[in-house]
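Peer 1: Just dropping this structure here.
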Amino acid sequence: MVNFKGMTATIKPLLAGSVLLGMSVLSQSAFADTTATVGGFAYTSPLTTTISSTSPSVTEFVYAGGFAGTTSSSAFIAYCVDIAQYLAPWGSSQTYTDGNLTSAFGSTKATDLSVLGDKYYALVSDATTSAAFQIATWEIMFEGSGAYNLGSGSFAATGGTANSAALTLAQSWLTGLSDSGVAYTGSYNIQYITSASYQDLVIFTAAVPEPETYGMVLLGLGLVGFMARRRKSA
């Protein structure tokens, strides 16, 4: 369990990761052996819920939401995927090492987390949506029954201040993972960083298209312009 300074409740956060999907890329170098500091929650008034897991065996009343942090060169928002360890104390600098999400959790979970990010991470904007994203992440990474249902299975989340809006939203996002009718809202790299002493973290960052992608876009625009000119001259 994790005890945060100035807070009366206990909390365990979680982590996330990704594989190549669409334009998403699993980065393995941006945070390699770097010093990072988690300063607090990314959104004020974080929500709470009770999580239970059979593997690892955990039942805790926790805060759910992203964490704001910094490295020597940039700021980030992280989600956690390590309910068996403590989060590093607020404001303490810690060394993290790149991890491989697929090796740690398997290709199916890595893929599903990537889809979660590409479909819904752009919608995270406050404590409720941040809690929903964290809860959905926990369900993906720790559910072993094969079905993502927050109310049952080897991982569950119930009650707390996230009981209504956040839990309902998290479940709808989980259902939307396999729904081809749900549009992708972004494309994200997912960085998985690990610590032997503290909870592992995952950071979603907007993917930057490769130079050849820009070339294809420009070529496509050029062809459209050429066809338009031909039609106009005809």
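Peer 1: I need the full set of residues from segment 41-78 which are more than 16 Å from the chain's Cα centre (by Cα), assigned to a loop (DSSP other than H, G, I, E, B) and of a type in the set (Gly, Ala, Ser), in order please.
Peer 2: SER45, SER55, SER72, SER73, SER74, listed by residue number.
Peer 1: So, one more: Taking the conditions exactly as written (surrounded by 24 or more Cβ atoms within 10 Å (Cβ to Cβ) and either in contact (Cβ under 8 Å) with a residue 24 or more places away in the chain or farther than 20 Å from THR175 by Cα (or both)), does ALA64 satisfy them or not?
Peer 2: When the stated conditions are applied, ALA64 passes them.
Peer 1: Continuing with this model, one more query. Residues in segment 94-116: is at least one touching a helix residue (DSSP H, G or I) at 6+ places or on another chain (Cβ under 9 Å), assigned to a strand (DSSP E or B), small (Gly, Ala, Ser) and modelled with pLDDT of 95 or more?
Peer 2: no
Every residue, every condition in (1) surrounded by fewer than 21 Cβ atoms within 10 Å (Cβ to Cβ); (2) within 24 Å of THR44 (Cα to Cα); (3) in contact with a strand residue (DSSP E or B) (Cβ under 9 Å, 6 or more places away or on another chain), yes or no:
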| position | (1), (2), (3) |
| --- | --- |
| ALA136 | no, yes, no |
| GLU139 | no, yes, yes |
| ASN149 | yes, no, yes |
| GLY159 | yes, yes, yes |
| ALA170 | no, yes, yes |
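Peer 1: Could you identify the single residue in GLY181, GLY186 that is surrounded by fewer than 16 Cβ atoms within 10 Å (Cβ to Cβ), more than 25 Å from THR49 (Cβ to Cβ) and modelled with pLDDT of 95 or more? Outline the logic, then answer.
Peer 2: Numbers: GLY186 fails: surrounded by fewer than 16 Cβ atoms within 10 Å (Cβ to Cβ).
On inspection, the qualifying residue turns out to be GLY181.
The values are calculated or read from the model by the stated rules, or taken from the named source; none is laboratory data. Since the model is a prediction, treat every value here as computed from it, not as a measurement. Neighbour counts run over all protein chains shown; Cβ positions are idealised from the backbone, glycine included.
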